[in-house]
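Heads up: the structure comes next, in structure tokens.
The values are calculated or read from the model by the stated rules, or taken from the named source; none is laboratory data. Please read all numbers here as calculations on a predicted model, not as lab measurements. Glycine also receives a Cβ, built like all others from the backbone with ideal geometry; neighbour counts cover every protein chain displayed.
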Amino acid sequence: MEEKEGNRNVVVEPPELKVVGLRFWEAATASSVVLVFVLVLLSVYLTMPDSDYSFLKLPRTLEDLQVLRGHLENYTSDYTAQVLLGYCVVYIFMQTFMIPGTVFMSLLAGALFGVYRGVALVVFNATAGASSCFFLSKLIGRPLVFSLWPDRLKFFQDQVAKRRKRLLNYMLFLRLTPTLPNTFINVASPIVDVPYHTFFLGTVIGLIPAAYVTVKAGLALGELQSLRDLYDFNSIATLFLIGVVSVTPTLITKS
């Protein structure tokens, strides 16, 4: 961008993203968030009946998930509130701190609660967790993002700047397609000045199609052989088509 200074044209560069070290109060804030999650999970655990809960762990494979589903089915009908609260807290915690494995939690929602309740549950938790990650990153995420994804962050910043007038369409496109990982979008959006209302709407709407596909697959959890079975060609093509439609207004505006 050029500005006139007297009779000269002066080139003004856009502001650079700067790395800021983690302050004490920022670290204390993150620790406080972890403590709140732990306390809520502990309260859920203490209200459950005496039993062997060695099966309770974050699923890392489909086999882990099938074992977890088998045990939780016995509790869901009698302790619905506790199971729901525990599920929500774990899902939101994983999203907040970018812990891999939320796809297994989405499958579990379908297996335990059915398609419609499962989709509502997954979209709610994914949005809440993404929002929590957004605000936490706004406080302490800058050093982490710069150290892990410097090039990707620069690319994201450039794309957001180009599509500022149609930013919601671009955020929908990102949520519907694997152009950028969801965890990166959550943590990088506040750093590149994506407004929260745009981030929120893009997340709520954009996650619904993929949530539906995953939750529906959870109904036949025992038949899944690998995570590749979740998305057939038609599912992937449909998600890409919706993503292209969502970003089309941005491309038209640019041209």
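Data table
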item	result
Criterion violated by residue 194 - all others in (1) under 26 Å from residue 93 (Cβ atoms); (2) in contact (Cβ under 8 Å) with a residue 40 or more places away in the chain satisfied	(2)
Residue that is farthest from the chain's Cα centre (by Cα) [pool: residues in the range 48-78 that are loosely packed, with under 12 Cβ neighbours inside 10 Å and part of a helix (DSSP H, G or I)]	74
Inter-residue pairs, beta-carbon under 9 Å, first closer than 19 Å to residue 32 by Cα and in the range 134-153, second outside any helix (DSSP H, G or I) and of a type in the set (Phe, Trp, Tyr), 6+ apart	136/97
Sole residue being hydroxyl-bearing (Ser, Thr, Tyr) and within 24 Å of residue 192 (Cβ to Cβ), chosen from 170, 116, 75, 91	170
Criterion: over 19 Å from residue 221 (Cβ atoms) and either surrounded by 12 or more Cβ atoms within 10 Å (Cβ to Cβ) or among the aliphatic types (A, V, I, L, M) (or both) - qualifying residue of 39, 84, 121	39
Residue match in the range 96-107 (condition: buried (at least 16 other Cβ atoms within 10 Å of the Cβ) and either more than 21 Å from residue 131 (Cβ to Cβ) or touching an Asp or Glu at 6+ places or on another chain (Cβ under 9 Å) (or both))	yes
Test: residue in the range 213-220 that is at pLDDT below 85 and among the polar types (S, T, N, Q)	no
Single residue of the range 79-110 satisfying the filter (of a type in the set (Ser, Thr, Tyr) and modelled with pLDDT of 90 or more) that is farthest from the chain's Cα centre (by Cα)	87
Selection status of residue 161, out of contact with any Pro (no Cβ under 6 Å at 6 or more places or on another chain), more than 16 Å from residue 205 (Cβ to Cβ) and assigned to a helix (DSSP H, G or I)	yes
Unique match (being closer than 24 Å to residue 119 by Cβ and at pLDDT below 90) among 255, 235, 147	235
